[in-house]
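We did not get these values from a lab; they are worked out from the coordinates using the rules stated. Treat the numbers as computed from the prediction; the structure is a model and nothing was measured. Don't worry about glycine lacking a Cβ; one is built from the backbone with ideal geometry, like all the others, and counts go over all protein chains shown.
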Amino acid sequence: MAIANFQEIDKKQQERWEKAKLFSAPRLPKTGKKFYCLDMFPYPSGQGLHVGHPEGYTASDIVSRYKRMNGYDVLHPMGWDAFGLPAENYAIATGVHPRITTQKNIDNFRRQIKSFGMAYDWDREIDTTSPDYYKWTQWIFLQLYKKGLAYQSTVPINWCPSCKTGLANEEVFNGRCERCQTPIEKKNLRQWMLKITAYAERLLEDLEGLDWPASTLMMQRNWIGKSEGAEVDFKVEGKAETIRVFTTRPDTLFGATYMVLAPEHELVEKITSPEQKAAVEAYRKEAAAKNEFERADAEKEKTGVFTGAYAVNPLNGKKIPVWIADYVLTGYGTGAIMAVPAHDDRDYAFAKKFGLDIIEVIKSEQGVAEKAFTGDGELINSDFLNGMRVAQSKAAIIKYMQEKGFGKAKTTYRLRDWVFSRQRYWGEPIPIVHCEKCGVVPLPESELPLRLPEVEKFEPSGTGESPLANITEWVNTTCPHCGGPAKRETNTMPQWAGSCWYYLRYMDNKNQNALVDPEIEKAYGPVDCYIGGAEHAVLHLLYSRFWHKVLYDLGVVHTKEPYAKLRHQGMILAFSYRDEAGNYHTYEEIDFSDPANPKLKANGAKLTSMIEKMSKSKKNVINPDDILKEYGADAFRAYEMFMGPFDASKPWDMRGIEGVSRFLKRVYSWADDLKVSKDAKLPKEVEILKHKTVKKVSEDIESFSFNTAVSALMIYFNELSKYKEVDENSFEVFLKLLHPFAPHITEEIWQNAGHETFLLNERWPSYNKELLLEEQIEIGVQINGKIKDRVKLSADSDKAAHEKAALGSEKIQNLLKGQNIIKIIVVPGKMVSIVARPS
RNA sequence: GGGCUGGUGGCGGAAUUGGUAGACGCGACAGACUUAAAAUCUGUUGAUCGCAAGAUCGUGGGGGUUCGAGUCCCCCCCUGCCCACCA
């Protein structure tokens with residue numbers, strides 16, 4: 001019996017595949033059946049791959065190989081999302097140019113990914129930092145600019161004082177910078193913005209036809225945040241000003257007892273009375289000093305100040321006071337609200353605190369003495385709306401307002417325009433010049449790519465300008481329009497830019513004349529299956545859909561959506577072990593002989609195990625290189641798939657991989673000793689099991705149930721391995737089914753069996769439905785809902801046969817003595833349930 | 001506070017539309033092989049009672065619907081993730 005050296009097999013087969021260019025996709029699909037299977041490409045960090053990366057890559061690899069064996073032309077590429085802060089921060093700290101670090105990291109990532117034997121077409125590799133690539137990122141920016149979708153604006157942006165750059169709303173979490181956790185400040189800066197809001201409705205509507213996880217669709221919907229309501233104008237008493245508010249509850253207009261403006265609202269100064277001026281000023285200052293996080297804390301007590309002004313309710317002419325309060329946000333709606341304390345929780349809390357009126361306008365059992373009522377009900381105290389329900393009165397009041405001219409139906413979105421510029425070096429230069437005479441002038445397309453110039457210092461200036469601003473010979477240029485002196489834009493694009501459209505470039509990555517050849521795009525687009533982490537549910541996936549729609553409008557792509565099917569891999573966690581003193585211990589220090597109570601080898605201390613995220617401080621980080629060295633690529637791949645459901649977060653268990661590794665070793669040594677002959681005939685049950693396994697594995701791959709697919713393969717092998725001599729078909733079917741999960745070892749066995757072909761070019765096995773019906777199955781027999789016996793019959797038995805078999809059981813007959821059978825329920829293939837009562 | 005997940009043996013996890021709970025793997029125990037150990041192979045392994053046949057209990061807790069509930073309904077507890085004053 002040969003002992004497999006998996007590392008050697010991995011290397012040998014990978015070299016064979018590479019030499020044969022086995023994974024290269026044709027320029028155009030030849031078969032008429034194409035499958036584009038895409039992984040979210042990684043940021044090549046200095047730490048190298050972690051075990052989470054290969055989880056998604058293995059899944060996409062299995063799907064790709066499966067589709068290929070089913071006769072598809074499969075496009076399965078890989079590349080690098082290589083602009084970004086870590087390389088730049090590293091440059092600031094060490095002076096090493098980001099290009100050098102990035103190249104080194106890419107080489108390391110490529111080496112690691114190749115070591116897993118992934119079926120990528122490496123000729124299609126892309127790198128977002130290559131001028132050949134970012135030429136087209138810049139080209140898309142120019143198209144956005146021409147369509148009026150890119151504009152400059154001086155906006156109070158989220159400013160990270162540590163990264164010294166502006167951040168998009170999407171990059172701010174709990175008022176802190178997503179990357180460095182520093183609390184965000186507000187800073188006014190000139191920024192490039194992308195008008196993603198112009199596409200809000202389409203981004204929302206087109207979610208409809210996507211095969212995406214429901215939770216991701218939900219998050220996108222919430223992020224776009226469509227809300228239908230009305231805008232209503234309130235006159236300010238004794239002034240010319242009008243306050244416009246947005247409300248989703250125009251039906252409660254008769255219940256409006258005060259108004260609130262955001263502290264930053266432009267009308268505040270104009271309407272504030274002299275007596276209130278000091279208080280208002282003080283409050284505005286206070287609000288400005290608070291950071292986003294403090295202001296957004298919904299739990300805190302409401303604060304606010306009366307402006308001294310009154311507005312007039314346009315329905316009944318009633319005077320209501322105008323306040324300012326920071327629970328009203330500038331960025332949403334109109335930055336002003338009509339407050340209906342009876343039917344809004346926040347308004348209620350505010351009114352209670354400041355002793356403002358509460359007028360009930362919707363009837364409810366509970367009333368509004370204790371808290372606001374936000375449900376549906378009948379309108380009261382509302383003149384011509386009385387007696388209507390909420391929906392009906394909304395329509396009626398909007399119609400009335402439109403007739404009278406003080407309000408109208410209005411849809412708002414939570415989605416904001418995208419702050420698209422960064423004050424950074426390591427990003428795509430924005431292809432714009434600022435001319436003294438002509439103003440903003442886009443570069444002609446012929447001047448692309450606009451290359452990133454060399455700099456000596458990578459620090460952002462901290463004043464809001466990027467390091468590029470210091471390179472005068474680059475900044476100073478001539479205007480492409482008038483030829484006069486001009487300055488280049490020194491902002492660069494955010495990291496998201498390159499990943500917005502990369503799936504298109506893989507299709508045609510060497511094209512010098514177009515982003516992608518339209519013929520090729522038509523043939524390969526859209527992405528049929530997209531795999532990556534759920535953390536991109538609203539960032540990358542929304543931006544990318546936005547750009548795709550713009551490209552669709554330009555005729556560059558032929559589908560409305562870029563990614564037809566999307567699946568997320570779960571996060572891989574790890575067991576960590578902590579002793580009573582709170583110190584973490586590495587796996588090497590732990591004696592696992594008693595798993596219920598692992599002991600430290602060193603001192604025998606009692607440990608508690610926890611499932612946590614991998615982190616150095618918890619000493620539970622798993623390095624893929626180490627695993628590969630010990631177990632080989634196939635065991636790694638198969639274990640990652642076997643651990644648990646693909647989309648669930650699950651812990652890496654150092655002992656768990658042993659099982660899969662043993663399985664593969666057994667497969668190898670069994671095949672090594674095996675006699676494959678034409679005459680060998682396996683028992684019928686084994687033959688049926690083969691067909692069952694083909695069905696199960698095929699269906700499981702389609703549904704991303706890789707864990708149960710591996711399990712089915714183990715079950716089949718446990719049976720098959722009892723035989724030293726098998727027929728050719730059984731042997732080959734098993735190898736083919738296992739191949740996507742463990743490509744190296746199966747290819748090795750295939751080759752050892754005398755084949756010079758590759759398994760990937762073999763056809764995926766099919767199964768015989770009729771044969772499955774001949775299986776002998778065991779069904780349960782219940783009496784009054786309790787299982788009392790089990791009987792065997794063939795899978796195609798009819799109901800009568802089920803009943804006969806159940807009543808034929810001696811045990812059942814004994815139990816039924818002295819009982820009257822009231823009813824017999826037969827579920828074919830599952831069970832027979834007998835309802836009986838004592839006679 | 002809101003939304004979305006999930007809660008099944010010592011552990012990771014299986015279980016179409018309600019239909020034999022615990023597949024598969026790990027670990028553990030016993031045995032074989034070995035001078036010995038590792039590796040490998042074979043068997044056992046939800047709990048309780050029992051010599052056994054077998055019985056009873058059992059999917060976070062409590063109720064309900066049903067011949068039958070991990071799965072459906074109501075109430076409650078807990079975990080994880082996301083969002084967080086969105087008018």
Quarter of the surface of the C-alpha convex hull for segment A:30-133, i.e. direction-averaged projected area in nm², equals 7.2 nm²
Once label points are set 7 Å from the Cα along Cα→Cβ at both A:Ile825 and A:Ser766, what is their separation, rounded to one decimal in nm?
3.9 nm
Pairs beyond 20 Å (Cα-Cα), from A:Lys164/A:Lys437; A:Lys235/A:Lys408; A:Lys135/A:Lys457:
A:Lys164/A:Lys437; A:Lys135/A:Lys457
Hey, with R₀ at 41 Å, roughly what FRET efficiency would A:Glu8 and A:Lys616 work out to, going by the Cβ-Cβ distance, to 0.05?
0.80
For segment A:717-768, which GluC sites (Glu not before Pro) are both in a DSSP coil and crowded by at most 12 other Cβ atoms within 10 Å?
A:Glu756
For A:312-321, A:657-666, A:563-572, ranked highest to lowest by mean beta-carbon neighbours within 10 Å, the order is A:563-572, A:657-666, A:312-321
Mind checking which lysines have their Cα closer than 18 Å to the Cα of A:Lys817? Skip sequence neighbours fewer than 8 apart in that chain.
A:Lys786, A:Lys788, A:Lys804
Can you pick out the pairs among A:Lys19/A:Lys629; A:Lys722/A:Lys792; A:Lys226/A:Lys404; A:Lys302/A:Lys650; A:Lys239/A:Lys363; A:Lys285/A:Lys394 whose Cα atoms lie more than 31 Å from each other?
A:Lys302/A:Lys650; A:Lys239/A:Lys363; A:Lys285/A:Lys394
Work out how far the C-alpha atoms of segment A:679-799 reach from end to end along every principal axis, then list the three figures in whole Å, largest first.
60, 36, 23
Per the Cauchy relation, a quarter of the hull surface: what is the mean projected area of the convex hull of the alpha carbons in segment A:226-280, in nm²?
4.8 nm²
Please report the projected area of segment A:297-346's Cα convex hull averaged over all directions, in nm².
4.3 nm²
Using Cα-only point scatterers and the Debye equation, what is log10 of I(q)/I(0) for segment A:48-206 at each q in 0.12, 0.19, 0.21 Å⁻¹, rounded to two decimals?
-0.83, -1.30, -1.29
In whole percent, the Cα-Cα distances of segment A:275-406 spread across 10 Å bins from 0 upward as 10, 35, 36, 17, 2
Shape descriptors of segment A:780-839 over alpha-carbon atoms, Rg and Dmax in angstrom, are 10.7, 34
Please report, largest first and rounded to whole Å, the three semi-axes of the ellipsoid equivalent to segment A:86-138, where each semi-axis is the square root of five times an eigenvalue of the C-alpha gyration tensor.
23, 18, 7
Quickly rank A:195-202, A:77-84, A:690-697, A:477-484 as a protection proxy: mean count of other C-beta atoms within 10 Å, highest first.
A:77-84, A:690-697, A:195-202, A:477-484
Within straight cross-link reach of A:Lys270, meaning Cα distance under 15 Å, which aspartates and glutamates are found once same-chain residues fewer than 8 apart are removed?
A:Glu237, A:Glu241, A:Glu281
Compute for segment A:728-839: radius of gyration divided by Kirkwood radius, i.e. Rg/Rh, restricted to C-alpha atoms, rounded to two decimals.
1.32
Find, among the trypsin sites (Lys or Arg not before Pro) in segment A:334-403, those assigned to loop by DSSP (not H, G, I, E, B) with at most 13 other beta-carbon atoms within 10 angstrom.
A:Lys371
For segment A:448-495, the Debye formula with one identical point scatterer on each Cα and no solvent gives log10 I(q)/I(0) at q = 0.25, 0.26 Å⁻¹ as -1.04, -1.09
Volume per residue of the C-alpha convex hull in segment A:422-480, rounded to whole Å³:
93 Å³
Amide N proximity, segment A:646-675 versus A:Lys724 label position 7 Å along Cα-to-Cβ, cut-off under 14 Å:
A:670-675
Taking only the alpha-carbon positions of segment A:467-547 and ignoring solvent, what does the Debye formula give for the base-10 log of I(q)/I(0) at q = 0.13, 0.18 Å⁻¹?
-0.67, -0.90
Give the Rg (one decimal place) followed by the Dmax (whole number) of segment A:597-737, computed from C-alpha coordinates and expressed in Å.
18.8, 61
GluC sites (Glu not before Pro) restricted to DSSP loop in segment A:328-380 with at most 11 other C-beta within 10 Å
A:Glu365, A:Glu370
Using R₀ = 22 Å, calculate the FRET efficiency as 1/(1 + (r/R₀)^6) where r is the Cβ-Cβ separation of A:Gln366 and A:Ala395; round to 0.05.
0.25
Expressed in angstrom and rounded, the centroid-to-centroid distance over alpha carbons for segment A:547-592 and segment A:408-448 is 31 Å
Distance histogram in 5 Å bins (all Cα pairs of segment A:117-249, percent per bin)
2, 7, 9, 9, 14, 20, 18, 10, 5, 3, 2, 1, 1, 0, 0, 0
Residue separation times 0.36 nm, minus the C-alpha to C-alpha distance between A:Thr374 and A:Val835: what's the value?
161.0 nm
What fraction of the Cα pairs in segment A:346-438, stated in percent, has a spacing above 16 angstrom?
74 percent
Check cross-link reach from A:Lys195 to the aspartates and glutamates: straight Cα distance under 17 Å, and skip same-chain residues fewer than eight apart.
A:Glu170, A:Asp417, A:Asp553
Measure of compaction for chain A (Cα Rg per 2.2 N^0.38 Å):
1.18
